[in-house]
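The values are calculated or read from the model by the stated rules, or taken from the named source; none is laboratory data. Everything quoted here is computed from the prediction, not taken from an experiment. Note: ideal-geometry Cβ built from the backbone for every residue, glycine included; neighbour counts use all protein chains shown. Heavy atoms of the whole protein, side chains included, go into the accessibility calculation; ligands, DNA and RNA do not. Shrake-Rupley method; radii C 1.70, N 1.55, O 1.52, S 1.80 Å.
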Amino acid sequence: MKSMNKIFIGVLLITISVSILGFRAYKSVILKQNVTGHLKRAGDANTLDLAKEELNYVINYLQQNHLTEGYTSLLWKTPDEDVSFWYRNLMASKKELDNYTGDSSLEKTNLLMKLRETLVDEGEKTKVTVPPGLSVFPNNKLWAALSLFALLIGFSGIILVVPEDKKTNEQSTSDISGM
């Protein structure tokens, strides 16, 4: 009966761990659906109107969800984690698109290229420029603690679920192979 209690507790700990980590993954998907996906589309846009449409969507989402100022930092404030600067930069790009009145294809292309350089980092892999940890902002410290807690209880649950005879067999096999 004691073994069943250990297994139940182990499964419960694993379930809680997977739930926490799963919800964090869900928050990342929400960010992609409402921010990074649209910023990538704005950066890929071939017309100013398409770029404006995508940028407006993102800015409205950021404003509605109060993602316009602060830092995503856990310990210290670094420039790449400054939500305010990133948001103001998006607003400046939007203003530049809104204020453009020319007809020159070259000027439009240059404006779209400048927008792409603002929104997307090119390298080995194309990556949309957003402060790290934005998906769980402004609760980054809470989510860091919850993620660490989830990992600890997940490993604890696995230890409780693995039968004792499996642990003993694996240890004796490693002892024999070590001779």
If I go through segment 2-47 residue by residue, how many of them are over 21 Å from the mean Cα position of the chain (by Cα) and over 30 Å from ASP103 (Cα atoms)? 14
What about VAL35, is it open to solvent by 70 Å² or more (accessible area, probe 1.4 Å) and β-branched (Val, Ile, Thr)? no
Test each condition in (1) under 15 Å from SER135 (Cα atoms); (2) in contact with a strand residue (DSSP E or B) (Cβ under 6 Å, 6 or more places away or on another chain) for GLY43 and report the one that comes out false. (1)
Residue selected from segment 126-154 under the condition open to solvent by 60 Å² or more (accessible area, probe 1.4 Å), assigned to a loop (DSSP other than H, G, I, E, B) and of a type outside the set (S, T, N, Q), by the criterion modelled with the highest pLDDT: PRO132
State all residues of segment 67-113 that are under 12 Å from LEU48 (Cβ atoms), open to solvent by 70 Å² or more (accessible area, probe 1.4 Å) and in a loop (DSSP other than H, G, I, E, B); if no residue qualifies, say none. THR101, ASP103
Search segment 118-135 for residues that are farther than 16 Å from ASN89 by Cβ and pair each with any residue that is aromatic (Phe, Trp, Tyr) and surrounded by 18 or more Cβ atoms within 10 Å (Cβ to Cβ) when their beta-carbon atoms are under 7 Å apart and the residues are at least 6 apart or on different chains. none
Of these, VAL58, VAL29, which one is free of Cβ contacts under 8 Å to residues at least 40 places away in the same chain, more than 16 Å from ARG116 (Cβ to Cβ) and assigned to a helix (DSSP H, G or I)? VAL29
With the condition kept exactly as written, say whether any residue in segment 2-14 is within 18 Å of THR118 (Cβ to Cβ), open to solvent by less than 90 Å² (accessible area, probe 1.4 Å) and either among the acidic types (Asp, Glu) or part of a helix (DSSP H, G or I) (or both). no
Taking LEU50, is it part of a helix (DSSP H, G or I), surrounded by 14 or more Cβ atoms within 10 Å (Cβ to Cβ) and of a type outside the set (S, T, N, Q)? yes
